[in-house]
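Please treat every number below as a calculation from the coordinates, not as lab data. If you're wondering where the values come from, they're calculated on a predicted model, not measured in any experiment. Backbone-built Cβ (ideal geometry, glycine too); neighbour counts: all protein chains shown.
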Amino acid sequence: MTRYLIKRVLGVTLSLLVASVLLFATLNVLPGKASTAALGLNPTPAAAAAFNKRYGLDRPLVAQYLSWIGGVLRGNFGKSYQTDISISREIARRTPVTLELTSCAALVALVIAVPLAFIATLGRGTIVDLVATAVSLIGLSLPAFASATALVLLFSLRLRWLPPGGYVAPTVDLGTNLKLMFLPALSLGFVSGGLLMRIFRTGIVDALAREYVLVSRSRGASRGRVLWRHAVRVASIPFITVGAMEVGAIFGGAVVIEQIFQLPGIGSLVLEGIETRDYRVLQAGALVITAFVMIANLLVDMIAAVIDPRLRVTTER
């Protein structure tokens, strides 16, 4: 297990390094200059030169990258081109908001996926299975921003049950925080819940059709015992694997959802960087999102390897 863990951690580290290079290179070949975005359309040559020197933009790209990634490894993302504030401090302030949104959305996805999968499996071929499958298909078909818009129109503007946006920290007022988080979490979780329900249901149905499960049933084991002891364990591997990717998708989807619901998270920081062409802010936000997705997949790989040791044996060969 230790060897498997080391290999996976090294793989994630290398992937992050490659992602940082690609991200830096991509943003630096985009048209437009940081000095123009910060100083206006027609800055004087002296002002532009002073700006570039202050932020190290007058150096070769390789030197700029090494300086940037060295700072990142020390937890220093530099300062914003537009506001001159510490990006690291801004990320530290905004990350808890996005993590809370991601956690709440993942919980919503589980609450939707797991019960619907069991209901559809136990009632396979009946109207119950049809309804559960239809709900999952709706979740799969709707993009998060569309479900967010529909939820705001229904629960905020028409019924006036929930606020349409804003953020209050849970340490300030937990009740208000949960009210403000409900709609954005449901917007993201409903979409992921539909996919996870289909994956879990398919995995359970396939497991129940396996020979050893049929033998267990023929020996008198109850359907519930077989379901919990055999089918769920087998179906949990693809469910957890896809679930990891969905956590990453939720985190990435927060870029749009945070803007719709006015949440001050990493996603809204990335959009601010795009709107103001503040490439240093955009680099930092995108790298944090990439790191979160990769770490989430690493953790899920560890969990999957514990559940099914065959996975780590195959990888270690």
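Brief remarks follow.
- Amide hydrogen neighbours beyond the local backbone of LYS79, cut-off 5 Å, H modeled: ILE87
- Each of VAL288, VAL300, VAL281 has some number of other Cβ atoms within 10 Å of its Cβ, and from fewest to most they run VAL300, VAL288, VAL281.
- Estimated 222 nm signal from helices in the chain, with DSSP H stretches of n ≥ 4 weighted -39500 (n - 2.57), rounded to 500: -25500 deg cm²/dmol
- Its residue count N fixes a reference of 2.2 N^0.38 Å for the range 2-73, and the Cα radius of gyration divided by that reference is 1.52.
- Farthest toward the positive end of the dipole of the chain, out of ASN177, ALA150, SER15, is the Cα of SER15, where the dipole comes from beta carbon charges about the Cα centre.
- The distance between label points at LEU66 and SER141 comes to 5.6 nm (points 7 Å beyond Cα on the Cα→Cβ vector).
- Rg/Rh ratio calculated on Cα atoms of the range 25-129 (Kirkwood radius): 1.32
- Estimated dipole of the chain in Debye, rounded to 20 [Cβ of Lys and Arg +1, of Asp and Glu -1, Cα centre]: 840 debye
- Within the chain, the selection of entire DSSP H helices by a Cα span of 24 Å or greater along the long axis and an average Kyte-Doolittle value of at least 0.5 returns 2-28, 87-122, 174-208, 232-260, 279-307.
- Using the empirical formula 2.2 N^0.38 Å as the baseline, the Cα radius of gyration of the chain reaches a ratio of 1.21.
- Cβ-based exposure ranking for ASP278, ASP173, in which fewest neighbours within 10 Å come first: ASP173, ASP278
- Taken over the alpha carbons of the range 95-195 as equal point scatterers, the Debye sum produces base-10 log I(q)/I(0) values at 0.18 Å⁻¹ of -0.87.
- Peptides ranked, highest mean first, by Cβ atoms within 10 Å: ranges 196-205, 114-123, 87-96: 196-205, 114-123, 87-96
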